[in-house]
Amino acid sequence: MASQSGWQYYLSMLEEGLSNILIKGGRVIDPKTKVNDILDILITGNKISKISKKIKKNDAQLINAKGKIVCPGFIDLHCHLRDPGRPDEETIESGGESAIAGGFTTICCMPNTEPAIDNEGIVKYIYKEAANANLCRIFPIGAITKKRQGKEITEFGELVNAGVKGFSDDGDVVADSNVFRHALEYSKRFDVPIFEHPIDKYLAQDGMMNEGLVSTRLGIKGSPAIAEEVIVARDLLLAKFSGARLHLCHISTKGAVELIREAKKKGVKVTCETCPHYFFFNDAVLESFDTNYKVNPPIRSEQDRQAIIEGLRDNTIDCIATDHAPHCQAEKELEFTNAPFGLIGFETALSSIIKELVNKEKFDWIKVLEKLTVNPAKILKEKSGVIKQGAVADLTIFDPKKKWKLTSNAIKSKSKNTPFLNKELIGKNIGVVINGEIKYYTKD
Amino acid sequence: MNPKKDLLGIEKLTGKEINQYFNLANKFVKVLERPIPIVPSLRGKTILTLFFEPSTRTQISFSVAAKRLSADVINFSQSTSSVSKGETLLDTAKNIEAMKVDGVIVRHSAPGAAKYLAEQLDAFIINAGDGSHEHPTQALLDLMTMRQNFDNFKDLKVLIIGDIAHSRVARSNIFGLKTLDAQVAICAPPTMIPLGINKLGVDVFYNLDDIIGDFDVVMALRIQIERQGAGLFPSVREYRTLYGLTKERVHMMKPKSIIMHPGPANRGVEIDPEVADSDKSVILDQVKNGVAIRMAVLFIHAGGRIE
């Protein structure tokens, strides 16, 4: 074009060889830049090359996003892919398929695999499998302690070098306070977050649901809220003491939210996440004895559920993670006592967020989406999680009003352990772009 | 009456439903006093007692009840969990379904196990104890025994002593007594009081000597000796000292009050032998009523016909 200066023309010539994607007419919402407008987005190569009111580009792949929301790709800080170890429940590939179907472009897998992610070899294996699957970005979280036994810390240097984005013994708390202190202190050398699974195992014992009126009525052994709060309090003190970066996983209780809120006011370097099931359900659902509601930490009381929502509203809670935890049908159809903990979360997270937080609690989109995009990106020190010119094109496009039903056959995860099965859901991911490639797109 | 298929617990029953079991059980009490205490009501019906936890008494009580109704009874018990042998409750359920039994009486260590079977099977399910959840026929026989001794439940003051947190008997009794408008209190070490129990309208006490004189019914629960290891109480000796039904404590009770125990009792721990065998004790009435109430339950859920 004549109006373009020489170098711009040269640049556009260079881009001719690259593929283009044009996302037209969607409501672009970017929590980081606070953009919230009907805009077109042009992607060239792996980057966002243009954002404006009307973009014309004849040779681009067109995604009609009219009536849809276009936002940075969702980032899940907490999932279980069961790989290596339990390919019958999930693999890197099936987990990736499930993640992109739910709108996630980046996921962090927890190290409670078999064997645990406690050495360079397993980290490399995960990156290799992720590259072979070629779906979403998959970042391993390394184990804090060798074999997740809570005794000796792993080789953080080697693991960080191999690509872990943080450390956790998730599934288990680091019970020994001195080990946890050392993990926090040692992590400062690498400036990576320590993800804690904050449940005191002595207080929780073999509790299977929230301890309270409902567990008392049902005779199911309870795991008390105080089991979570004791460890949250300990960890906040240790985080303050060490100056390290603490990330508290799957916060579920009112007391924990209050402790974190106070600590943040005092400048402790703490972040935290909750999961959709902690603001969507309360423990009355356990009356069904449905093992799909058996999760750890347990689904709490209505009072806790309200406190989680308030924690999200005032940004005490930074992120919404799925804690996607696949289990095979044979295990989940055992009687309540013998069934394992966990539910699958990728494919229903968006719907539960829309139904509960956006439609019912009237959260604005920026507030909801920052907990899925820019906030987790910050914790991972990733540059994704933003829509701006020149940024890497990781995007999610979803229909906030679409009504649908999740059927067993439609689930992409290898496991089907979700309480949302065959229930009416609202809001659905329709496409994801990762590193400039359309990895998932559906018109229905 | 249009009975529901299963009896899984007391919590969801109405006062009217509970009374229907009583009324029928009272008729069966008379049957049991006959020289030949058998009626043909369930002739041709096959009833399976499926016990995954050891319990001689309850299983025998159900068998006797079923036989008095002329049903064919098959007893199955496996003290270890079937899961440890690789067979799930679901497998068991499917096998039962294939064998076409009419009713299953189930005891299992997992709360919700009876409900789980009820959802899988067309056969009617009677819960004979699911973990710490419910034991409905025990509560019905306890309530029936109380009513034989007192005119009505309104204003009846009932005290339950022991490990409420782990007791399905306590739970089912509390649900039933509250439905029938009785006053219910529990007394136990604070470690054995489940969270939120007061929200069920139950008064909570820790000191037995202060209150035992206020109650019409005093029920001692069986103490699980192994809970000592879990730290719920420091020693059997101290438990007996603080919460045991001793002669001295019985002297503190109201004149017309009664003593109950769901059995089997640890004699000399939660209840002293001379107390268990005293005039105030209705423990053997409970056992007798157990057969009658289980006949009533089986009759109603098996759709039996009155002669």
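The values are calculated or read from the model by the stated rules, or taken from the named source; none is laboratory data. Here the structure is a predicted model, which is why all the values come from computation and not from measurement. Cβ atoms come from the backbone with ideal geometry, glycine included; neighbour counts cover every protein chain shown.
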Could you grab me the full set of residues in region A:201-257 that are out of contact with any strand residue (DSSP E or B) (no Cβ under 8 Å at 6 or more places or on another chain) and of a type in the set (V, I, T)? A:V214, A:I226, A:V230, A:T253, A:V257
If the requirement is being under 16 Å from B:Q138 (Cα atoms), assigned to a helix (DSSP H, G or I) and among the acidic types (D, E), which of these qualifies: B:E11, B:E17? B:E17
With the checklist (1) part of a helix (DSSP H, G or I); (2) at pLDDT 95 or above in hand, flag the one item B:L90 doesn't pass. (2)
Run down B:V250, B:V275 and say which single residue is touching a strand residue (DSSP E or B) at 6+ places or on another chain (Cβ under 6 Å) and part of a helix (DSSP H, G or I). B:V275
Can you report the number of residues in region A:220-263 which are part of a loop (DSSP other than H, G, I, E, B), within 14 Å of chain B (Cβ to nearest Cβ) and either surrounded by 24 or more Cβ atoms within 10 Å (Cβ to Cβ) or among the β-branched types (V, I, T) (or both)? 2
Scan region B:200-219 and give yes if some residue there is closer than 24 Å to A:G212 by Cα, out of contact with any Gly (no Cβ under 7 Å at 6 or more places or on another chain) and hydroxyl-bearing (S, T, Y), otherwise no. yes
Within region A:98-130, residues of a type in the set (S, T, N, Q), buried (at least 24 other Cβ atoms within 10 Å of the Cβ) and out of contact with any Ser or Thr (no Cβ under 6 Å at 6 or more places or on another chain) come out as A:T105, A:T106
Would you check which residues across region B:94-144 are over 19 Å from A:E335 (Cα atoms) and part of a strand (DSSP E or B) and list them? B:G103
Going through (1) under 22 Å from B:A128 (Cβ atoms); (2) of a type in the set (K, R); (3) surrounded by fewer than 23 Cβ atoms within 10 Å (Cβ to Cβ) one by one, B:R171 fails only at (3)
If you take the residues in region A:307-329 that are in contact with a Ser or Thr (Cβ under 9 Å, 6 or more places away or on another chain) and part of a loop (DSSP other than H, G, I, E, B), which one is farthest from the other protein chains (Cβ to nearest Cβ)? A:D318
Could you check, for region A:194-202, whether at least one of its residues is within 14 Å of another protein chain (Cβ to nearest Cβ), over 23 Å from the mean Cα position of the chain (by Cα), part of a helix (DSSP H, G or I) and not basic (K, R)? yes
Among the candidates B:L8, B:L42, residue that is crowded, with 16+ Cβ neighbours inside 10 Å and farther than 22 Å from B:V287 by Cβ: B:L8
Residue ID - surrounded by the fewest Cβ atoms within 10 Å (Cβ to Cβ), chosen from residues in region A:326-351 that are under 26 Å from A:L213 (Cβ atoms) and in contact with a Leu (Cβ under 8 Å, 6 or more places away or on another chain): A:L334
I need every pair where a residue in region B:199-227 that is within 14 Å of chain A (Cβ to nearest Cβ) has its Cβ under 9 Å from the Cβ of a residue that is part of a loop (DSSP other than H, G, I, E, B) and among the polar types (S, T, N, Q), sequence separation at least 6 or different chains. B:L221/B:S167
Leading residue by the ranking (nearest to the other protein chains (Cβ to nearest Cβ)) among those in region B:116-152 that are surrounded by fewer than 24 Cβ atoms within 10 Å (Cβ to Cβ) and among the charged types (D, E, K, R): B:E119
Cβ-Cβ distance below 7 Å, separation of 6 or more or different chains: which pairs start in region A:249-265 with a residue that is within 25 Å of A:K294 (Cβ to Cβ) and end on one that is small (G, A, S) and part of a helix (DSSP H, G or I)? A:T253/A:A225; A:K254/A:A307; A:G255/A:A225; A:V257/A:A307; A:V257/A:G311
With the checklist (1) surrounded by fewer than 20 Cβ atoms within 10 Å (Cβ to Cβ); (2) in a helix (DSSP H, G or I); (3) without any contact (Cβ under 8 Å) to a residue 24 or more places away in the chain in hand, flag the one item A:D206 doesn't pass. (2)
Filtering region B:176-193 down to residues that are within 14 Å of chain A (Cβ to nearest Cβ) and either in a strand (DSSP E or B) or touching a strand residue (DSSP E or B) at 6+ places or on another chain (Cβ under 8 Å) (or both) yields B:K178, B:V184, B:I186, B:A188, B:I193
